[in-house]
Structure formats: C-alpha cells, structure tokens
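The values are calculated or read from the model by the stated rules, or taken from the named source; none is laboratory data. Because the structure is a prediction, the values reported are computed rather than measured. Cβ atoms come from the backbone with ideal geometry, glycine included; neighbour counts cover every protein chain shown.
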Amino acid sequence: MPWLAVLRLTGLLCAAGLAASRLGLLVHELIGHGGFAVAQGGEITDLRLFWFAGGWISYAVDDPGTAGALATSMGGLIVELVLGGALWLGLARRPRTFGVCI
C-alpha cells in the first residue's frame with residue numbers, strides 16, 4: 001500500500017511545516033518587533049497568534065524617535081534576514097553530499 005506511506009509522509013510534512021511557521025512567527029514578533037521595542041525601554045502589551053494566519057504584537061515605547069520607530073517596525077524583517085543569512089552561510093560551508101549543490 002504505497003498510498004499509505006504517501007499519506008503518512010504528507011501528514012508529517014504538514015505538521016513540520018506548521019510547527020516551523022509558528023516558531024518563525026514567534027521569532028518574528030517577539031524577538032523582532034518586541035525585542036527592538038524592549039531594547040528602547042518599551043514593553044510588550046499584547047500578543048495575538050493564530051494557527052494558520054499569522055499574528056501581531058502590541059508594544060508601548062515612550063519616545064522612540066524616527067530611527068527607533070523604524071527599527072521597531074522593521075524588527076521582524078531584520079531578524080529574519082539575519083537568521084536566514086546565518087543559516088545560508090552555515091549551509092554553504094558544509095561539504096557537498098549526495099551530489100546536491102547549495
């Protein structure tokens with residue numbers, strides 16, 4: 001019954017994808033936006049996450065200034081770019097196996 005193996009693999013990949021996307025959402029919201037807000041002396045006031053549709057974070061910063069407001073707004077993207085770049089560099093330095101080239 002090869003269809004049963006395909007069904008199991010599909011379920012595993014769906015579960016892994018959902019877990020990875022939720023973990024990524026937490027990193028994006030809490031470490032990205034929230035981390036930049038807390039670094040400026042602010043605080044996280046609310047966090048809303050949804051199973052399949054993302055989420056958002058609310059934070060309060062007294063007077064962040066233009067640069068601080070921009071950094072906090074872009075914090076999620078900044079964290080994703082840094083982590084993605086580090087992952088890419090880490091994988092690019094691994095020896096090539098199975099004929100796969102990264």
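Some points to look at:
- For region 16-34, the set of residues classified as more than 12 Å from the chain's Cα centre (by Cα) and surrounded by 18 or more Cβ atoms within 10 Å (Cβ to Cβ) consists of Gly34 only.
- Some residue of region 61-70 being part of a helix (DSSP H, G or I), among the β-branched types (Val, Ile, Thr), surrounded by 15 or more Cβ atoms within 10 Å (Cβ to Cβ) and modelled with pLDDT under 95: no
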